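Student: Just dropping this structure here.
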Amino acid sequence: MVLFAIILGCLLGAIIGINAPMISYTYSSYLAIAIIAALDSVFGGIASVINKKFDMKIFISGFFGNAILAILLTVLGQKLNVDIYLAAIVVFVWRMFMNLGTIRRYYVEKWTDQLVKKKENKEESSQKQKEN
Amino acid sequence: MTNKKIISLVLGIMCFALTVGICIQIRTVENTNSAVSQSYTENNLRGEVLKYKERYDNKVKDIEKLDQELEAKREQVTANNSELEEAENQIKQGNKLNGLTDVTGPGVIITLSDSKAEASSVMDSSLLVVHDLDVLSVINELKNAGAEAISINDQRIIPTTAIVCGGNIININGEKIGAPFVIKAIGLPETLANLARPEGYLSILKEYQIGVELKKSNNITINKYSGVINYKYATTIQEK
């Protein structure tokens, strides 16, 4: 269900994004940092769904808040001649890896559990055959 | 169950917004042809150049808009005054002669491109490229054939235009122009097409294996000169 919604959203977004008008190059750096922030939020959301700690309010506020804060920091950095966006990228990518790690651990554990169960079932059935 | 539905809906919408942003960003970056370089300074410099180019384009648009406003105001003021109307017509005529208005009409389009021959096949590889003097000679022949408006790669030729060599490019009106050169000229197409006559300059260029293409057209549009003409030293003599 969740996976289906994500794939559908991505497909629709790609179709509309390809046909959308282009933005000017001056603002593309702001959009880039907003994309990184949003990507981090989405991964965080998926990870929290897996952990069963998903909170709608926190998720939505994080999605928009992080993106807007990142853009504002980039603007401030350009005014002060400091590349603050580099720090934002480091933090977001670091968190993305953390969340990806959570997702990966969950699925790896799930699949190994399934494999172990299958093996046990097979052994049980083979033992039954021997007994017979 | 409804909780899970809401979660998937929100996640879907977020992914939607995300991919729209990513696609727009990718297209913007691709459009500017800026391949990401490993060098940080190089990327920064390229970004700066692109930003300045954008600002320049915006300014040019502003100027065009102001020009139109000026034109409209002038017409509004001179609408009901025959004396001023004459002055207005004189201004228009002067602008046309000086190349300050867009013009359209019949004429020819000449394309000069560098030779496709191997550079090692000739003694002097500079014979294979189009030079400033080649362009200048073609322009001269066009003027001789009665061309009324000429442009090279959308640079309008006006009385003060200089065509000079600038290394591997040509400077026209102070702008850098590279091959292939598309020369548009408005005039009587039959006369202008005589440039392709035997022993004409175009046929000499052809002998040097330079790509020459002459096309007649009934509908050529030549843009106006985009720069500013400053006459500082020449003053008009007042006749008594």
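Every number here is computed from the coordinates shown, using simple stated rules; none is lab data. Being a predicted model, the structure only gives us computed values, none of them experimental. Please note: Cβ atoms are built from the backbone with ideal geometry, for glycine as well, and neighbour counts cover all protein chains shown.
Student: Which of the chymotrypsin sites (Phe, Trp or Tyr not before Pro) found in the range B:192-226 are in a DSSP loop and have at most 15 neighbouring Cβ atoms, other than their own, within 10 Å?
Tutor: The qualifying sites are B:TYR208.
Student: Also, quick follow-up: Let me know the volume per residue of the alpha-carbon convex hull for the range A:29-118, in Å³.
Tutor: 79 Å³
Student: Could you compute the FRET efficiency for B:GLU71 and A:ASN19, with r as their C-beta to C-beta distance and R0 at 25 Å, rounded to 0.05?
Tutor: 0.10
Student: Suppose R0 equals 56 Å; then what is the FRET efficiency for B:ASN58 and B:MET123 from their Cβ-Cβ distance, rounded to the nearest 0.05?
Tutor: Efficiency for this residue pair is about 0.70.
Student: Could you give the length gained on full extension between B:ASN43 and B:ASN89, defined as 0.36 nm per residue of separation minus the Cα-Cα distance, in nm?
Tutor: Working: separation 46, 0.36 × 46 = 16.56 nm, distance 5.10 nm.
Additional length available on full extension: 11.5 nm.
Student: Which of the lysines could a cross-linker span from B:LYS206 if the Cα-Cα distance has to be under 30 Å and same-chain partners fewer than 8 positions apart are dropped?
Tutor: B:LYS116, B:LYS143, B:LYS176, B:LYS184, B:LYS215, B:LYS216
Student: Assuming a ≥ b ≥ c are the square roots of the Cα gyration tensor eigenvalues, decide whether chain B counts as rounded (a/c under 1.5), prolate (otherwise, with a/b larger than b/c) or oblate.
Tutor: oblate
Student: Given an 8 Å cut-off on Cα distances and at least 6 residues of separation, report the relative contact order of the range A:29-118 as a percent.
Tutor: Values: 66 pairs, mean separation 35.5, N = 90.
It rounds to 39 percent for the range A:29-118.
Student: Rank A:SER29, A:GLY13, A:ILE103 by how far each Cα sits towards the positive end of the charge dipole of chain A (+1 on Lys, Arg Cβ; -1 on Asp, Glu Cβ) and give me just the farthest.
Tutor: A:ILE103
Student: Shifting gears a bit: If I build a Gaussian network model for chain B, linking alpha-carbon pairs within less than 10 angstrom, which residue out of B:VAL122, B:VAL103, B:VAL212 has the largest mean-square fluctuation?
Tutor: Most flexible of the set in this elastic network: B:VAL122.
Student: A further question on this structure: Using 1/(1 + (r/R0)^6) with R0 = 41 angstrom and r between the beta carbons of B:LYS206 and B:THR235, what's the FRET efficiency to the nearest 0.05?
Tutor: 0.35
Student: Would you look at the GNM of chain B, springs on alpha carbons closer than 10 Å, and say which of B:GLY47, B:GLY166, B:GLY105 moves the most?
Tutor: B:GLY47
Student: Would you work out the charge dipole size for the range A:29-118 about its Cα centre, treating the Cβ of every Lys and Arg as +1 and the Cβ of every Asp and Glu as -1, and quote it to the nearest 20 debye?
Tutor: Values: 10 positive and 5 negative charges, 83 e Å.
Magnitude of the dipole: close to 400 debye.
Student: Suppose we take every Cα in the range A:85-129 and form the convex hull; what volume per residue is that in Å³?
Tutor: Looking at the range A:85-129, the number lands at 30 Å³ per residue.
Student: Sticking with this structure for a sec: Find the relative contact order for chain B and round it to a whole percent, using C-alpha pairs within less than 8 Å whose residues are 6+ positions apart. Don't skip to the end; give the middle numbers.
Tutor: Details: 267 pairs, mean separation 58.2, N = 240.
Taking the mean separation of contacting Cα pairs over the length of chain B, I get 24 percent.
Student: So what are the protein assembly as shown's ellipsoid semi-axes, whole angstrom, largest first, if each one is the square root of 5 times an eigenvalue of the alpha-carbon gyration tensor?
Tutor: Semi-axes, largest first: 65, 30, 20 Å.
Student: Right, here's the next one. Just how large is the dipole of the protein assembly as shown about the Cα centre, in debye to the nearest 20, putting +1 at every Lys and Arg Cβ and -1 at every Asp and Glu Cβ? Mind dumping the intermediate values first?
Tutor: Details: 40 positive and 39 negative charges, 467 e Å.
Here the protein assembly as shown has a charge dipole of around 2240 debye.
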